[in-house]
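Working notes, beginning with the structure itself.
The values are calculated or read from the model by the stated rules, or taken from the named source; none is laboratory data. Note that the structure is a prediction, hence the values are computed from the model and not measured. Please note: Cβ atoms are built from the backbone with ideal geometry, for glycine as well, and neighbour counts cover all protein chains shown. Ligands, DNA and RNA are excluded from the accessible area calculation, which covers all protein heavy atoms including side chains. Shrake-Rupley method; radii C 1.70, N 1.55, O 1.52, S 1.80 Å.
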Amino acid sequence: DGFIEEDVPFLDSLDTVVIANIAGNTEQDYTALSDKVSRISAVDMVELNISCPNVKAGGMAFGVLPQSVENITKAVKKHCSKPLMVKLSPNVANIADNARAAENGGADAISLINTVAGMAIDYKTRKPVLANISGGLSGPAIKPIALKMVFEAYKAVKIPIIGMGGIMCAEDVLEFMIAGASAVQVGSANIFNPTASYKIVNDLTTVAKSCNIENIS
């Protein structure tokens, strides 16, 4: 409700596509959010973050098992009037199976990868750095994992893929698109440089031309 009241008026004033990312801990959370968010005129697409723990299934994330991926996608799709993109977790047995599950559930696109499970320890205190013990690792360190998983997903599904995971420059964008991504998301780079995406877009034209790429697709 705060997002709708405080952020939507600003987003509505921009001449750009808006993709709203939703998350939850129960199926009801997801369906209620998708129903509410997809009614917002400023929102063009909904991204489903299924890396959240399912509190009614012992805390295992919705995105771990293919059947769970398909089930939550189907449930949300019934309540979502906008194109639905499912954001896949890399912490799974087989990313291709989960990509197919999202497609079978009615996803219009998939995005990957979400963060990789990791941990940090302070040797002086002999305790984990994070209060939750483990957390999500992102940034350049996960790029090789992301590229492989985008490639595996591309071989498994026909719907568009949005790649992410350590994209810092225009060359990274081209690598993801060669692996099978139709578009990309930039996350951690914005923390280092708030104008990172602007720079990447500008550099992309120059780099593409230097490789004799006339059409980015």
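Points to keep in mind about this one:
- Scanning segment 104-160 for residues that are open to solvent by less than 30 Å² (accessible area, probe 1.4 Å) and either touching a Lys or Arg at 6+ places or on another chain (Cβ under 8 Å) or aromatic (Phe, Trp, Tyr) (or both) returns 105, 106, 107, 110, 111, 112, 114, 156, 157.
- Residues of segment 14-51 that are open to solvent by 40 Å² or more (accessible area, probe 1.4 Å) and out of contact with any strand residue (DSSP E or B) (no Cβ under 8 Å at 6 or more places or on another chain): 14, 15, 16, 27, 28, 29, 32, 35, 36, 39, 41.
- The residue that is nearest to residue 116 (Cα to Cα), among those in segment 25-55 that are at pLDDT 90 or above and among the small types (Gly, Ala, Ser), is 34.
- Residue selected from segment 1-56 under the condition within 21 Å of residue 91 (Cα to Cα) and charged (D, E, K, R), by the criterion farthest from the chain's Cα centre (by Cα): 56
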